[in-house]
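Structure first, then comments.
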Amino acid sequence: MPTLSPSSNCEFSTLDAFIAALEDEIRGASASASVAVLAVSLRRSERIAALLMADYALQTRQEFLKQIQPLLRSKDKYVFVNEDECWFMLPQLASEALGILAVHRLLNALNTPFKIETQTIFFNPTVGIACAPMHGLSAMAILRAADAAQKNARRDNHKFLLAESQQDLSNLPQDLLSAIEEVLDSNRLEMRYQPKVDVRTKTVVSVEALVRWPADHALALATTVLIDTVERCGLIELLTMRVFNQVLAQHVAWRAAGMNMLVWVNLSARLLSHEQLPKILERALSIWNVPASSIGLEITESALIHDIEHTTNLLFELKNLGFHLSIDDFGTGYSSLAYLRRFPIDELKIDRMFIHGMTESSADKQIVQSIIGLGHNFGLPVVAEGVEEAHTLAALEAMGCDQIQGYFFAKPMPGEALIEWCRNFHGK
């Protein structure tokens, strides 16, 4: 629920119309474009008064809409199931974590009491969250899952609850699982490194480590499928440590060749809940004798909001060890200044979809400019990824963007090729 102008078309008058629209959205849903349903029980404090005075219910609904409308995108929809319950449909989310952040913003908006005549009214909402395709592939399955999560949240005295995943791993091809396990066990994953270039000086300031499926394997596997599968199968920790150790080994080789390069590694959202993560990473650093200051950790914006308190403490622990920290894909989620202020981060990275669209879309261009300004206001450098054209680079330079990453300067390359590339690189 980013703050966009509310649309008069957001509300459905009937549940049947809401379900039909939800079915349409689910047909186009995927792991990277999910649909979240929020089942919101308001639990109003004036319910007894509302029974005695009919217009209370109408005025309460109007106040509720007044509080939540500024949070809605034009594509977000809702329907009142009854006077005390409202269901929301949030389509085209990059991950289920964005649905959770939408709930945080909804709860914050409903936290302030209001008055109708002499009656002070409080909302004490509970919210159930379910997402397609993670929790089902039909509107009724998603609605049932969200409703069950909301009832469980109320029972356990929680503000909100995410539905339990109904994904069935048995539908994955067995040879896919076996191949991934074999590659992980034999440590055959390949690494590629893409430079980040300072816009003003045209010098390489760091590189991002990108994992790749082995090119000589009989099974061709896209990186997105690899990551999605290992996360679903509980192998993400093993994959991350394989990547992290390969990066440290490469850093040692670069250092021996006279190149001391800051390397950024992506962290999965699931690893942020691992309490031992800082100690695990610290142990690997000590084995390879690499300082934490040589490693940056990129964490997607949506991954940061599952458990704000835990995430904040974890990030400070990683920061105290010496790691650099970056928020990746910034702008794709429900960005919050409150969260940004709390996290000990070192840079913001603008998602490539805004970079690709900024030369054609004034809205995307404004988003890019706003993120650059936001980062600078917080004293943070801003990185644009996915830069492929000279006119895009020129526009970013005019906006004051600090660093860029993309095919315009270099495609991801093997570690041994990076040394020679850096020696020959003089900008363009």
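Helix 362-377 versus the longest principal axis of the chain: what angle, 0 to 90°, nearest 10, using Cα atoms?
70 degrees
Based on the Cα coordinates of segment 192-320, what is the per residue volume of their convex hull in Å³?
Numbers: hull volume 18.5 nm³, N = 129.
Value for segment 192-320: 143 Å³ per residue.
Near GLU282, within a Cβ-to-Cβ distance under 14 Å, what is the net charge of the other residues, with Lys and Arg +1 and Asp and Glu -1?
Local net charge: +1.
If you take percent of Cα pairs over 36 Å apart from the coordinates, which of (1) 25; (2) 33; (3) 56 do you get?
Matching the structure shown: (2).
Considering the chain as a Gaussian network with a 10 Å cut-off on Cα pairs, which listed residue, VAL290, VAL387, VAL225, attains the greatest mean-square fluctuation?
Fluctuation is largest for VAL225.
Give the carbon-plus-sulfur fraction of the accessible surface of the chain in %, rounded to a whole number; probe 1.4 Å, heavy atoms of protein chains only.
51 percent
Report the local net charge at ASP402: Lys and Arg +1, Asp and Glu -1, summed over other residues whose C-beta lies under 14 Å from its C-beta.
My count for the surroundings of ASP402 gives -1.
Could you work out how far the C-alpha centroid of segment 170-228 sits from that of segment 148-163, in angstrom?
Centre-to-centre distance over Cα atoms comes out at 37 Å.
Per residue, how much accessible surface does the chain expose to a 1.4 Å probe? Answer in Å², no decimals. Please report the intermediate quantities before stating the final value.
Working: 19420 Å² over 428 residues.
On a per-residue basis, 45 Å².
Counting Lys +1, Arg +1, Asp -1, Glu -1, what net charge surrounds MET413 among other residues with beta carbon under 14 Å of its beta carbon?
Within the 14 Å Cβ shell, the charges total +1.
In degrees, nearest 10, range 0 to 90: what is the angle between the Cα axis of helix 96-109 and the longest Cα principal axis of the chain?
Between the helix axis and the principal axis of the chain, the angle is about 50 degrees.
Pick from GLN246, GLN194, GLN62: which is most flexible by mean-square fluctuation in a GNM of the chain where alpha carbon atoms under 10 Å apart are linked?
Highest fluctuation of the listed residues: GLN62.
Can you bin every Cα-Cα distance in segment 174-267 into 10 Å intervals starting at zero and give me the percent of pairs per bin, rounded to whole numbers?
P(r) for segment 174-267, in whole percents per bin: 15, 44, 27, 13, 2, 0.
I'd like the orientation of helix 415-424 relative to the chain: the angle between its Cα long axis and the longest Cα principal axis, in ° from 0 to 90, rounded to 10.
Around 70 degrees separate the two axes.
Counting pairs of alpha carbon atoms under 8 Å apart in space and at least six apart in sequence, what relative contact order in percent does the chain give?
Relative contact order here is 13 percent.
Please figure out what share of the DSSP beta bridges in the chain is antiparallel and state it in percent, rounded to the nearest 5.
In the chain, DSSP labels about 60 percent of beta bridges as antiparallel.
Would you mind checking LYS151/LYS349; LYS196/LYS365; LYS202/LYS411; LYS159/LYS319; LYS159/LYS279; LYS279/LYS411 for any pair whose Cα atoms are more than 27 angstrom apart?
Too far apart for the 27 Å limit: LYS151/LYS349; LYS159/LYS319; LYS159/LYS279; LYS279/LYS411.
Quickly estimate the mean residue ellipticity at 222 nm for the chain, helices only: each DSSP H run with n ≥ 4 gives -39500 (n - 2.57), and the total goes over all residues, rounded to 500.
Calculated mean residue ellipticity at 222 nm is -13000 deg cm²/dmol.
The values are calculated or read from the model by the stated rules, or taken from the named source; none is laboratory data. Note that the structure is predicted; figures quoted are calculated from it, not measured. Backbone-built Cβ (ideal geometry, glycine too); neighbour counts: all protein chains shown. Ligands, DNA and RNA are stripped out before the accessible areas are found, and what is left, the full protein with its side chains, is counted by its heavy atoms. Shrake-Rupley method; radii C 1.70, N 1.55, O 1.52, S 1.80 Å.
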